[in-house]
Amino acid sequence: MEFIQLIIGGVANGCVYGLIALGFVLIYKSSEGVNFAQGDMMMLGAFVALGFVNDDYFGLAFLPGIILACIVMGGVGYSMDRFVVRKIFGQPQFALVILTIAIGFVLRFVAGAIWGYSPLVLETPYAGLTFSFSGLIISAEDAVTILATIMLTAVLWYFFAFTRIGLATQAASQNQLSAYYMGIPVKFLNSLIWGLSGIVATIAGVLAASKGTIDPNLGLIGIKAFAAAVIGGFGSLPGALAGGLIIGVIEPIAARYGPAGVSQTAPYVFMLLVLILRPAGLFSQITAKKV
Amino acid sequence: MKVIFKKSYDRDIDLFRDRQTALRIGLLVLVLILVPFFASEYFLAEATNTLIWSLAGLGLMVLVGHTGQVSLGHAAFLAIGAYTDAALMNAGWPWLLAFLTAGAVTGVFGAIIAIPAIRMSGIYLAIATMALAVLVEEAVILAEPITGGVAGVFAPDIAIFGISFGRYDSLPNFYWLCLAVVVIVTFGYANLLRSATGRSFLAVRDSEISARALGINVSRTKTLAFGLSCAITGLAGGLMGHFFSFFNYEAFTIIISINLLLAVTIGGLGHIQGAFASAILITAVPQVLAIVRDGLSNIGVDLSGVPGLDTLVFSLILIGFIIYEPLGIYGRYLKIKAFWNLFPLSRRDMFRRQMTYLKTERMK
Amino acid sequence: MSLLEVRDLSIAFGGLKAVDGLSFDVAEGEVFTLVGPNGAGKSTIFNMISRFYEPTEGKIFFDGEEITHLPAHKIAELGIARTFQNIELFDHSTVLSNLLMGRHVHRKTQVIQDLLFTRKARADERSHRRRVEEVITFLELEAHRDSLIAGLPYGVRKVVEIGRALAIGPKLLLLDEPASGLSVEETRDVAFWIEDMKREMGLTILMIEHDMGLVSAVSDRVLAVADGKFLAQGTASEVQSHPDVIEAYLGTGAGGEPELKKEEAGA
């Protein structure tokens, strides 16, 4: 029973990691770009939501506040691509890695400048609520996290597989020059995906904030999310989520049953094992260069 | 425009293009040797810090700039070098032996890391090295007997043949020691680049497929690159430990790794000089910022309460460079030099980069 | 004596059989050309000889030794050099540097000698440079010696690609579409170079080519492949007029003969 309790908590954590990884993989799938600022975008999203919802600030009702935060962060994500990342269009992938790491630092500074560096709490309407379930106690935060993640993943999957924009994005991610020739607005689509990624990051941020406190260093969770994306395999949306869940579950199990200090390192050790045995991730894509 | 009339292959094989360049470098080294005679104690300490960071930059440059393998976790190797050096000296070993062993141990560690790392590339390698950095941070805390756990260790003062090279006792001596190490390593690095080994590194960086077709054992080359890179970084770590005198795991966090990579990139990837530019950037930005802050507070603007300003400025500089000068500080210097060499005949788009449109190599 | 022997070579990618039971010999000192429509598996055959792909069936012999399962980097040591269809030069290095990379199989120094740049390392560098200069003279690349690859026109890059393969000092040279993308004059230069390589350097050349003029001008024997399978073998004119070959290129019922004859005359 205690074990299942652990698992549920781990799954909820894993959903947060998975959502961050999802935002990360979204951008990778659309332009093979890596956004190392994804964790910090999540952090900023959480703070923006706090800014709209908390009584100390704007004090709006919860759902409208979150929606407003999503819109704002969608705009931030879009602008990041439109005004900064687009300027290095055509440079190798490494340049984007460096650029997004730097942007992450800047986002952290902005959050610290506006909201300070002491931990703050996001006021959610369901704080402290729990559900009882044949002996299991599930906190409302965990339940909301899991449900929201499932819904969001389904929406994104549908978007990519069935809508015109989704298909156009997939085309652009495979051959940009050809996509241009077909009339696909490649750069605009890229910015759109970054905006979408910002929204996903915000939701992840709100869910993470509901389970604890937030401060500008929250973005360091991003490193674990990258590990999740690697485990799942970079080109796979469900893989990203699966990777997040795996890490989310490994952590409490390692903490409970392993020696001291292992819980911090277990996710990374697992990731390294996956990389050694299956270098392209569990749901891997094959990459090959045709010569 | 300078025309060099080459009369033998040696002109191309030599380290320096012509006598003037050799003289200029010689002059630079001479000036560096004379620094302790006319610099304040504070400036001398900063100069020593810059030298040590150049060494770290050189180590990372071998791997990233010349072999194309991304490492976001190089502070881990600084840590291994620092702790090994301190531990051996605390066990009674003489400095030179401890120092070289620290470098060798870190190099071997790097070669072991290479075994899985060889099979990864690009973003996977970057994230794997990040994970490595986090793991080493944890391992350092857990290995208390050697590393002093959370508390840290004390690196004993260096003394060779009775002469003190301690960082606080005789800073000039310590400075000259670091300078000597940097000069020797740079010499080896430059030799590497003009030889067959260095060319094989460049081949692996630019086209692994061609490299294989030319008979280069890519796996062995990458392992060698990792080993050399980590060895040099380990040496830098050893010196860093003595510079701090007392250090713990917080000196080698993942943020340090990231900062090192960022700095080396803006310094100028693929050039030895880029490593030196990166070190100057790392040590100069906080100093310049402090001066600016003082200046601003004189006119009433108080920025002292704003934390994280150093990192912000560093990041903004970075973003500026990535967007407008991806070749880095040394790359910009080369462009300016080329402009003046060809003046007034240089063409405006001489360094225009070809855009690479994404053509995915993913096949599923 | 056959320098290269390919026996029943097959490779399948998933369900697609790219090369199906192909066998052929290349005699020492001859110029042997593979022709065939696009997608016939010609580059795949090259990739199997250079060991980038693992064949599912069959064997390859070079100079009497079986090389079917050797690691890719051993091939150059044995004396097989290749060029790539989409140029795979080292973009950020000079032409000279690229050609010097070709001398890797002949290096005699250890890493430590390189780090200290001993007299032996310097002597080695001089000898490598001497050999590379011979290649530069042969291919008339003197003007581009110190130019970065990134700034060179396509035609020159193709020549550098050949030069890098020559720098290895191979016994067998695999040329993957040496004339694609080249102008008429440049193609004629390639034809002369192939002739010189054969006569003066005693090289054996295995070539993939679509330009029938070049094929007729330099080839001793031609092998036509389609869908990974053997189609016809013989001299250039024999293969060109072979009914199966015409069908593979132009489809059934096409009276393609007059056109081919015109190409031959204009070569």
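The values are calculated or read from the model by the stated rules, or taken from the named source; none is laboratory data. Just so you know, these numbers come straight off a predicted model, no measurement behind them. All Cβ positions, even for glycine, are placed from backbone atoms using ideal geometry, and neighbour counts span all protein chains on display.
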Taking only pairs six or more apart or across chains, which ones have beta-carbon atoms under 9 Å, a first residue in region B:323-348 that is polar (S, T, N, Q), and a second residue that is part of a helix (DSSP H, G or I)? B:S346/B:A338; B:S346/B:F339; B:S346/B:W340
Suppose we filter B:I184, B:I232, B:I209 for residues that are surrounded by 19 or more Cβ atoms within 10 Å (Cβ to Cβ) and among the aliphatic types (A, V, I, L, M); which single one remains? B:I232
Residue check, B:L132 at negative phi and either buried (at least 23 other Cβ atoms within 10 Å of the Cβ) or within 12 Å of chain A (Cβ to nearest Cβ) (or both): yes
Identify all residues within region A:93-109 that are in contact with a Phe, Trp or Tyr (Cβ under 9 Å, 6 or more places away or on another chain) and more than 9 Å from chain B (Cβ to nearest Cβ); write none if there are none. A:T100
Hey, does region A:73-86 have a residue that's farther than 29 Å from A:K187 by Cα and either in contact with a strand residue (DSSP E or B) (Cβ under 7 Å, 6 or more places away or on another chain) or at pLDDT 90 or above (or both)? no
Restricting region B:106-123 to residues that are assigned to a helix (DSSP H, G or I) and crowded, with 21+ Cβ neighbours inside 10 Å, the residue that is nearest to the other protein chains (Cβ to nearest Cβ): B:I123
Condition broken by B:I4, with the remaining ones in (1) away from chain C (no Cβ under 14 Å); (2) surrounded by fewer than 16 Cβ atoms within 10 Å (Cβ to Cβ); (3) β-branched (V, I, T); (4) outside any helix (DSSP H, G or I) satisfied: (1)
Can you go through A:A240, A:A260 and tell me which one is under 26 Å from A:T169 (Cα atoms) and either surrounded by fewer than 17 Cβ atoms within 10 Å (Cβ to Cβ) or away from chain B (no Cβ under 12 Å) (or both)? A:A240
When residues of region C:79-101 are filtered for being among the polar types (S, T, N, Q), assigned to a helix (DSSP H, G or I) and over 19 Å from the mean Cα position of the chain (by Cα), how many remain? 1
I need a count of the residues in region C:55-78 that are closer than 22 Å to B:F201 by Cα and either basic (K, R) or in a loop (DSSP other than H, G, I, E, B) (or both). 2
Take the residues in region A:155-185 that are within 14 Å of chain B (Cβ to nearest Cβ) and among the aromatic types (F, W, Y), then tell me which one is farthest from the chain's Cα centre (by Cα). A:Y181
Residue satisfying all of: in region C:86-139; β-branched (V, I, T) and touching a residue at least 12 places away in the same chain (Cβ under 8 Å); nearest to the other protein chains (Cβ to nearest Cβ) among these: C:V105
So which of A:G222, A:G261, A:G232, A:G248 is in contact with a Leu (Cβ under 9 Å, 6 or more places away or on another chain) and in contact (Cβ under 8 Å) with a residue 24 or more places away in the chain? A:G232
Among the candidates B:I258, B:I272, single out the residue that is within 27 Å of A:L220 (Cβ to Cβ) and within 16 Å of the chain's Cα centre (by Cα). B:I258
Determine the pairs where a residue that is away from every other protein chain (no Cβ under 14 Å), located within region B:176-204, has a partner that is among the small types (G, A, S) and in a helix (DSSP H, G or I) with Cβ atoms under 6 Å apart, the partner being 6 or more residues away or on another chain. B:V182/B:S54
Does A:I146 qualify as being surrounded by 13 or more Cβ atoms within 10 Å (Cβ to Cβ) and within 16 Å of A:A201 (Cα to Cα)? yes
Looking at (1) under 24 Å from B:L58 (Cα atoms); (2) surrounded by 14 or more Cβ atoms within 10 Å (Cβ to Cβ); (3) within 14 Å of another protein chain (Cβ to nearest Cβ), which is the one condition that is false for B:G308? (1)
Going by the structure shown, is B:S278 among the polar types (S, T, N, Q), buried (at least 16 other Cβ atoms within 10 Å of the Cβ) and within 11 Å of chain A (Cβ to nearest Cβ)? no
All but one of (1) at pLDDT below 95; (2) out of contact with any Phe, Trp or Tyr (no Cβ under 8 Å at 6 or more places or on another chain) hold for C:V160; which doesn't? (1)
Can you name the residue in region C:1-35 that is at pLDDT below 90 and assigned to a loop (DSSP other than H, G, I, E, B) and is also nearest to the chain's Cα centre (by Cα) among such residues? C:M1
Of residues in region A:206-237 being touching a Ser or Thr at 6+ places or on another chain (Cβ under 6 Å) and more than 18 Å from A:G281 (Cβ to Cβ), the one farthest from the other protein chains (Cβ to nearest Cβ): A:S210
Would you be able to tell me the number of residues in region A:99-130 that are touching a strand residue (DSSP E or B) at 6+ places or on another chain (Cβ under 6 Å), in contact (Cβ under 8 Å) with a residue 40 or more places away in the chain and β-branched (V, I, T)? 1
Of (1) within 14 Å of another protein chain (Cβ to nearest Cβ); (2) in contact with a strand residue (DSSP E or B) (Cβ under 7 Å, 6 or more places away or on another chain); (3) at pLDDT 90 or above, B:T147 satisfies every one except (3)
